[in-house]
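Step one of this worksheet: look at the structure below.
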Amino acid sequence: MEMISCNTCGSLKFRSLFSKESPLGESFQIVKCSDCSLVQVNPQPNLEEVIRYYSDSYFTQRTDRGYDNYYSDKVKSEISRVFQLNLQDLKFFEWENDYKNHSPYVTDGKVLRSLDIGCAAGYFVDYMRGRGYSSYGIEVADGPVKFARETLGLEVYQEDFLGWDKGFQNQFDTITLWATIEHLHKPKETLEKIFKHLKPGGCLVLSTCRYGVLAKILGPSWRYLNVPEHLYYYSLSGLLKVLKTIGFTSPVSLSYGSGFTSRANAGIFYKLSKKFADWFVKKTNQGDMLAILVKKPKGNVF
Ligand SMILES: [Zn+2]
């Protein structure tokens, strides 16, 4: 465990919010940067310490942290439904249409290239392949990479994105980070590298849990406070500011998620409450998940 400077602004001044215990009984401090307000786990465990929490059971056993058999068709179709909804709300399809018609990088018959970072079993890689993209994924965990390659036949690199160098600068039309940035040790550096790997006019789409009203009210019992897997908890304005500093433009953002989870055997009252709460937080932009689409400006070549 090491006390590190704030990933967003470099400050070493933090205010302690509370401590939270992991399923292995270790205690982690949740702090808020006194300068930029980024909420984070600090002191921070290194990658080897965190990796113990990502055993394959993370993807196969029902817990409120991982998934109830992530590899089932049911989970795959539910996840694809959420991708589709988010992309629609973020006006991704409008971006795609405009890009295909106006980008100098798209010539007749040329296929667009996408990369999903932290792609897990590759469901979004598969989704983009289905849309006609030359689709790639990158993931560190063994089980999901094996599934993505062997069962879905996808092109997935098993590496840490920051150490990954395949000469892909200015090569991707779309890069995605679905519920991944909160897991990364160096999120800002990752966003900077994504910026370099995108073609001018290309877009980044990301989603993450959001440190907003619901998180503040619920404190240590907030559903996404999964230590130590989730190291960073961004506010919507905080994350938009980081993206702007790096050079991304034209943000489209949204929030969703009320804290009511989907329950198979839920009664009608629960189902209606969930439906209303989900509608309400989306309408008032107070959801505890956020999604953002940003673009690399045209003419910005490195
Ligand atoms: Zn800071």
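Looking across region 37-47, the residues that are within 15 Å of the ligand (Cβ to nearest atom) and under 16 Å from LYS186 (Cβ atoms) come down to LEU38, GLN40, VAL41, ASN42, GLN44. Considering region 188-302, the qualifying helices (runs of 4 or more DSSP H), each wholly inside and each with 2 or more residues that are within 21 Å of ILE117 (Cα to Cα), run over 236-246. Residues in region 31-42 that are surrounded by fewer than 16 Cβ atoms within 10 Å (Cβ to Cβ) and either among the small types (Gly, Ala, Ser) or at pLDDT below 95 (or both): SER34 only.
One residue stands out in region 1-12 among those that are surrounded by fewer than 19 Cβ atoms within 10 Å (Cβ to Cβ) and polar (S, T, N, Q): the one that is nearest to the ligand (Cβ to nearest atom), namely SER11. Taking region 201-238 as the range and being without any contact (Cβ under 8 Å) to a residue 60 or more places away in the chain and more than 19 Å from VAL82 (Cβ to Cβ) as the test, the residues that pass are LYS216, ILE217, LEU218, SER221, SER237. Of everything in region 13-30 that's within 16 Å of the ligand (Cβ to nearest atom) and loosely packed, with under 13 Cβ neighbours inside 10 Å, which residue is nearest to LEU218 (Cα to Cα)? Only one residue tops the list, namely SER16. Restricting region 274-302 to residues that are aliphatic (A, V, I, L, M) and at pLDDT below 85 leaves a set whose member that is surrounded by the most Cβ atoms within 10 Å (Cβ to Cβ) is VAL281.
The values are calculated or read from the model by the stated rules, or taken from the named source; none is laboratory data. Source: prediction; values computed, not measured. Here the Cβ is made from the backbone with ideal geometry for all residues, glycine too, and neighbour counts use every protein chain on show.
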